[in-house]
Structure formats: structure tokens, C-alpha cells
Amino acid sequence: MEKEQLNGLNAIELKGINKSFGSVVANKNIDLTVRKGEILALLGENGSGKTTLMNMLSGIYRPDSGSVFVYGQEVHIYTPQDALNLGIGMIHQHYKLVDNLSAAENIVLGTKTKKQSMSQLAKNIEQLSLHFGLNIDPNKKIYDMSVSEKQTVEIVKVLYRGAKILVLDEPTAVLTPQESKKLFAIITKMKEEGNSIIIITHKLNEVMEVSDRVSVLRKGECVATVETKKSSAEQLTELMVGRAVDLSIERPETFKSDPVLEIVRLGVRNDEGVEMLKDVNFDLRSGEILGVAGVAGSGQKELCEALAGLQKVEKGAILYYKENIVGRTPDEIIRLGISMSFVPEDRLGMGLVASMGMTDNMLLKTYKQSRGGFVKRSPARLKAKALIERLDIITPGTETPVSKLSGGNVQKVLLGREIESQPNVLITAYPVRGLDINSAYTIYDLLNEQKMKGVAILFIGEDLDVLLELCDRIMVLYDGQVQDILQADQVTKEQIGLLMTGQKPRELKEVR
């Protein structure tokens with residue numbers, strides 16, 4: 001269809017879309033419209049059917065019934081290639097790239113292009129990238145790239161294949177605030193050029209900032225589509241959850257005892273020998289939540305893994321009730337009462353086995369405690385069922401592979417399992433990453449519940465508003481060093497932001 005003919009037409013129309021997986025209804029009679037040259041945000045709780053709906057649009061699933069129209073013409077999308085032929089490209093939460101190939105090789109992989117040298121292909125890709133304000137090195141290997149660089153490759157890949165309608169599934173879940181702003185500038189430019197963008201996200205501030213309209217899904221149904229500028233975070237939350245939600249986070253007062261964990265001059269190098277933690281000093285007390293702020297790559301990952309016994313410590317001490325646990329194995333550390341709920345960039349790359357169900361993933365924590373060589377699965381199954389009920393985990397059953405669950409439900413399984421082990425110290429890294437509002441507040445309540453029981457909690461987060469509301473103290477990391485440790489109720493978001501960039505305002509006083 002010629003460009004002039006597209007003007008005035010809706011880019012996408014979905015009519016009466018239904019999709020079920022066995023007894024689970026993922027989408028029910030959904031009508032959805034995406035206009036040409038707009039950014040539509042798709043909101044909903046975890047398991048509300050957002051990704052399933054977009055997977056049908058991108059050719060991964062087929063609807064059980066209903067119709068799909070692209071620029072006014074009814075179409076049938078059976079494969080991802082069908083979607084690309086119609087100009088629809090999807091950037092998934094988990095990137096689909098070949099690590100040992102370059103960016104250019106990944107971008108052209110599977111395409112039927114005229115024979116060109118790699119240098120010419122790289123030049124064409126670079127020109128396309130620059131046109132949209134994307135910064136990409138076509139010759140760089142994927143395994144050498146940061147998360148945001150990999151995302152850029154995914155975007156260029158679908159643009160190179162002619163996509164005019166882009167679907168981004170949780171695109172900022174693992175990006176820094178700076179990287180997110182850069183992404184929004186890129187998709188705004190795409191919109192200005194007549195492209196249509198659907199963005200799936202749980203972050204209401206992003207929805208309000210970047211979208212033109214918002215469609216809200218609840219329990220598989222589209223309950224409303226509203227103009228963003230005529231809406232509010234409170235209204236959207238109520239539409240998602242089905243009731244009014246208080247968006248404030250509690251910070252209960254508790255008795256703070258002597259330190260449970262003391263970190264003394266901790267030094268850690270990564271596998272390449274780069275110093276990632278430099279003379280890090282802090283303590284963690286029972287009945288408190290110590291927040292950790294910092295731009296990505298400031299040493300958060302290495303700190304988590306060092307405390308859990310997963311990362312070799314070059315120097316310094318980790319004192320647990322005055323006993324140095326450096327050199328202890330992860331199993332020994334767990335037995336002491338230190339538990340880590342780490343949600344990494346690759347959600348299923350650490351902590352859970354994707355092909356296993358909840359029962360067997362619960363057993364990963366306790367199977368070594370079994371006697372006689374036999375593992376009893378029934379207690380783990382009961383715990384899994386209790387977690388499903390308590391955390392409202394949407395799954396067909398305890399034996400369903402966790403890889404089949406939505407990203408947010410995977411995180412509930414992971415954190416729920418760690419809490420179930422009743423630790424004295426709980427290390428949580430990005431525990432609400434990718435979670436919807438209701439689920440995130442469930443996690444905050446769980447952490448506060450543990451805090452009130454006297455558990456010492458290290459909370460590594462990326463949302464400064466949440467850190468300031470939830471935590472008792474906030475430690476700011478910059479380039480592997482502690483910039484400051486501050487009382488959360490005596491500091492502003494702007495001051496924390498300055499510390500994250502390496503500046504140290506004079507008026508801030510360190511609180512030990």
C-alpha cells in the first residue's frame with residue numbers, strides 16, 4: 001500500500017480476539033486500535049494477557065478467534081515472518097540474539113538481501129541507525145554489549161526488515177533512567193515519522209511521559225482505552241486493579257539492633273580482572289531496610305554475589321554476627337541464614353530453572369537437607385501452592401515450567417521462595433523489576449513484614465522514589481565505591497541523583 005493511502009488509516013485493529021491455553025483464558029473478546037503515528041501504552045497486571053495479545057500480533061501465537069486488520073485490510077498472521085512482511089516487528093523482554101555474532105550479522109540473519117559485503121551491510125546499518133538517533137557499532141559482538149546496546153540491535157533489526165509498527169515488551173525493565181530517556185527520544189522520533197509504537201510497561205511515570213493513549217487489560221479483557229493527557233496515574237491504577245489503590249509505601253518503625261552484617265574494606269574484581277568494588281564499608285542491622293542506589297554497573301551485582309558466596313572476594317571481610325564468612329560456599333551461607341533473591345537482567349539465568357515447575361524450584365533451596373538419599377516433593381508442593389495463593393501467582397499449576405509464566409510472576413516465585421526459607425538476612429536486587437503496581441506493592445508489604453520480624457534487608461533498586469519511601473537508610477554506590485550512606489527521610493531524590501553521578505554535595509552528612 002502506498003504511503004499516501006496509509007494516511008488516516010488505523011495501523012492496527014484487533015476485533016474480538018480470543019486466546020486460551022487449556023483452561024486458562026489469556027485474552028477474551030479484545031478490541032484494540034492503534035493509530036498511525038501514535039504511541040499506545042498497553043497496561044495491565046502480570047498475567048492480564050498483554051504479552052499474549054502482542055505475541056499474536058507478531059506471529060508467535062494464533063488467535064482462537066477474532067480478526068486482525070493492518071492499515072484497513074484483514075490479515076492472517078501465522079508466523080513472525082508474516083508479521084514482518086506486514087511491517088510489524090516485536091522487541092521481546094528476552095532478546096533473541098546470537099551472542100557470538102556481531103550486531104550486523106544478527107541484523108541480517110535470516111533475511112534475503114542482495115549479495116553485499118559485510119562492510120557494505122555494516123555501512124547501511126549504520127546509516128539506518130543514525131537516521132533514528134540510534135548509536136550502534138555494527139561490528140561489535142553481542143557478548144561484548146551492554147543490555148541497552150543489545151536492545152538497540154533488536155530495534156535496528158526490525159527496522160532493517162521494514163517494520164513500521166513496533167511492539168516493545170517491557171523495554172525499560174533493565175535500563176537505567178538515562179538509557180530510558182534516550183529510548184523515549186528514539187521512539188518519539190519514530191512516531192513523528194509516521195511509525196506506530198505499542199509499548200508494554202508497568203511504569204506509570206513512563207506511560208504518562210511518552211504515550212498518546214493507554215489501553216488497559218484486566219484478567220484478559222480490555223477494560224478501557226483513554227487519552228493519556230486526560231488521565232492520571234491514580235485512574236490508570238484503578239482501571240488495572242479494579243479498585244482504588246493507595247500509591248504510598250509504608251515505612252514501619254522497628255527496633256534497630258546491633259549490626260547483623262558488617263562489610264569491612266571489601267574489594268572485588270570481576271572475571272576480567274577489573275576492580276568492581278573498592279574498599280566498601282557499611283553495616284546492616286536487623287529490622288531495617290538498607291537501600292542501595294547507583295547507575296547500572298556501579299558494583300551492585302558484584303556486591304550481591306560476594307555476600308552470597310558466588311563471587312570471589314579479593315580483600316576485606318564480610319562479618320555475620322562478627323564471624324568472617326569470606327570463603328564460605330553459597331550452601332554454607334544459606335545455612336547460616338543469609339538468603340539472596342537476585343533478579344538479574346536475564347530473569348531465568350540465575351536462581352530458577354526455567355524448565356522446572358514451582359515445586360522443583362522450591363526444592364532447590366532444601367533438597368540437600370533431605371536424608372536417606374530420597375527427596376520429598378510433597379512439602380515443597382504445599383509451599384508452592386501457598387505462595388500461589390499468597391502472592392496471587394498466575395499459573396496453571398505447581399508443575400508448570402516457570403518459563404511459561406509472565407516475567408512478573410517469575411519474580412514472585414523467586415522472592416517468595418527466598419522468604420519461605422526464613423532468613424536472618426535477605427538480599428533483594430531489583431525485586432519489583434517488571435512487576436505491575438499491585439504486585440509491586442505486594443512485594444513491598446512482604447519486605448516490610450520481614451523487616452518487622454527482625455530480618456535485615458538489603459534492597460537494591462532503581463526507582464529512587466521507591467527507595468526513599470521504603471528504605472530506612474540509602475547507600476549510594478558510584479564506580480564501585482560508597483559515596484554516602486544517608487537517612488532516607490533526610491535526603492531528596494535530587495541529592496541522591498547527584499551522588500549517583502559521582503558528585504558529593506557538601507550539605508549531605510554521612511550516617512553510619
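The values are calculated or read from the model by the stated rules, or taken from the named source; none is laboratory data. Every value quoted in this text rests on a predicted model; they were computed, and no experiment measured them. No Cβ is skipped: glycine too gets one built from the backbone with ideal geometry, and neighbour counts run over all protein chains shown.
Kindly list the number of the only condition in (1) aliphatic (A, V, I, L, M); (2) more than 23 Å from T51 (Cβ to Cβ); (3) under 20 Å from the mean Cα position of the chain (by Cα) that fails for V260.
Result: V260 fails condition (3) only.
Evaluate region 444-462: report whether one residue or more is within 29 Å of L204 (Cβ to Cβ) and among the polar types (S, T, N, Q).
Checked region 444-462: at least one residue is within 29 Å of L204 (Cβ to Cβ) and among the polar types (S, T, N, Q).
Which residue pairs have Cβ atoms closer than 6 Å, lie 6 or more positions apart in sequence or on different chains, and pair a first residue in region 155-167 that is part of a helix (DSSP H, G or I) with a second residue that is of a type in the set (G, A, S) and crowded, with 22+ Cβ neighbours inside 10 Å?
That search, which allows pairs on different chains as well, returns V156/S129; V158/G89.
Given the criteria surrounded by fewer than 17 Cβ atoms within 10 Å (Cβ to Cβ) and without any contact (Cβ under 8 Å) to a residue 12 or more places away in the chain, does V98 qualify?
no
Table: residues versus (1) farther than 25 Å from T501 by Cα; (2) in contact with a helix residue (DSSP H, G or I) (Cβ under 6 Å, 6 or more places away or on another chain).
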site	(1), (2)
T395	yes, no
L405	yes, no
T428	no, no
V455	yes, no
L464	no, yes
Q487	no, no
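Results for (1) surrounded by 23 or more Cβ atoms within 10 Å (Cβ to Cβ); (2) closer than 24 Å to I186 by Cβ; (3) of a type in the set (D, E); (4) in contact with a helix residue (DSSP H, G or I) (Cβ under 8 Å, 6 or more places away or on another chain), shown as yes or no for each residue.
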position	(1), (2), (3), (4)
K36	no, yes, no, yes
A41	yes, yes, no, yes
S48	yes, no, no, yes
Y61	no, no, no, yes
F69	no, no, no, no
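Are there any pairs with C-beta distances below 6 angstrom linking a residue in region 244-272 that is within 16 Å of E302 (Cα to Cα) and touching a residue at least 12 places away in the same chain (Cβ under 8 Å) to a residue that is aromatic (F, W, Y) and surrounded by 15 or more Cβ atoms within 10 Å (Cβ to Cβ), with the two at least 6 apart or on different chains, and if so which?
Short answer, once both residue conditions are applied: I263/F282.
Kindly evaluate K229 against the criterion of being surrounded by fewer than 15 Cβ atoms within 10 Å (Cβ to Cβ), modelled with pLDDT of 90 or more and assigned by TED's automatic domain parsing to the domain that holds T442.
Taking the combined requirement at face value, the residue does not satisfy it.
Could you tell me which of the residues K451, K404 is touching a Pro at 6+ places or on another chain (Cβ under 9 Å), under 19 Å from V24 (Cα atoms) and not acidic (D, E)?
K404
Of all residues in region 101-126, count the ones that are farther than 30 Å from N409 by Cβ and either surrounded by 13 or more Cβ atoms within 10 Å (Cβ to Cβ) or in contact with a His (Cβ under 7 Å, 6 or more places away or on another chain) (or both).
Of the residues in that region, 14 qualify.
Before we move on, is Y444 more than 23 Å from I333 (Cβ to Cβ) and not basic (K, R)?
Yes.
How many residues, within region 101-123, are in contact (Cβ under 8 Å) with a residue 24 or more places away in the chain and either within 21 Å of N195 (Cβ to Cβ) or part of a helix (DSSP H, G or I) (or both)?
Residues that pass the stated criteria total 6.
For region 308-320, name all the residues that are assigned to a loop (DSSP other than H, G, I, E, B) and under 15 Å from I457 (Cα atoms).
Matches in region 308-320: A308 only.
Could you pull out every one of the strands (runs of 3 or more DSSP E) wholly within region 171-261 that has 3 or more residues that are under 25 Å from N135 (Cα atoms)?
Once the strands (runs of 3 or more DSSP E) in region 171-261 are filtered for at least 3 residues that are under 25 Å from N135 (Cα atoms), what remains is 196-200.
I'd like the full set of residues that are surrounded by fewer than 16 Cβ atoms within 10 Å (Cβ to Cβ), modelled with pLDDT of 85 or more and out of contact with any strand residue (DSSP E or B) (no Cβ under 8 Å at 6 or more places or on another chain), limited to region 472-512.
D489, Q490, T492
Tell me the strands (runs of 3 or more DSSP E) entirely within region 389-489 that contain at least 3 residues that are closer than 30 Å to E234 by Cα, without any contact (Cβ under 8 Å) to a residue 24 or more places away in the chain and touching an Asp or Glu at 6+ places or on another chain (Cβ under 9 Å).
Qualifying strands (runs of 3 or more DSSP E): none found.
Just to verify a result, which residue in region 453-468, among those that are of a type in the set (A, V, I, L, M) and more than 17 Å from G297 (Cα to Cα), is surrounded by the fewest Cβ atoms within 10 Å (Cβ to Cβ)?
Top of the filtered list is V466.
For region 71-91, enumerate the residues that are assigned to a loop (DSSP other than H, G, I, E, B) and surrounded by 18 or more Cβ atoms within 10 Å (Cβ to Cβ).
Y71, I77, L86, G87 - these are the residues of region 71-91 that are assigned to a loop (DSSP other than H, G, I, E, B) and surrounded by 18 or more Cβ atoms within 10 Å (Cβ to Cβ).
Against the condition assigned to a strand (DSSP E or B), at pLDDT 90 or above and among the β-branched types (V, I, T), how does V292 come out, does it pass?
The answer is yes for V292.
What is the number of the single condition among (1) in a helix (DSSP H, G or I); (2) surrounded by fewer than 22 Cβ atoms within 10 Å (Cβ to Cβ); (3) modelled with pLDDT under 85; (4) of a type outside the set (S, T, N, Q) that K385 does not meet?
Against the list (1) in a helix (DSSP H, G or I); (2) surrounded by fewer than 22 Cβ atoms within 10 Å (Cβ to Cβ); (3) modelled with pLDDT under 85; (4) of a type outside the set (S, T, N, Q), K385 comes up short only on (3).
Inspect all residues belonging to region 215-222 and state whether any of them is more than 23 Å from the chain's Cα centre (by Cα) and of a type in the set (S, T, N, Q).
no
All but one of (1) among the β-branched types (V, I, T); (2) buried (at least 23 other Cβ atoms within 10 Å of the Cβ); (3) modelled with pLDDT under 90 hold for V24; state the number of the condition that does not hold.
It fails just one condition, (2).
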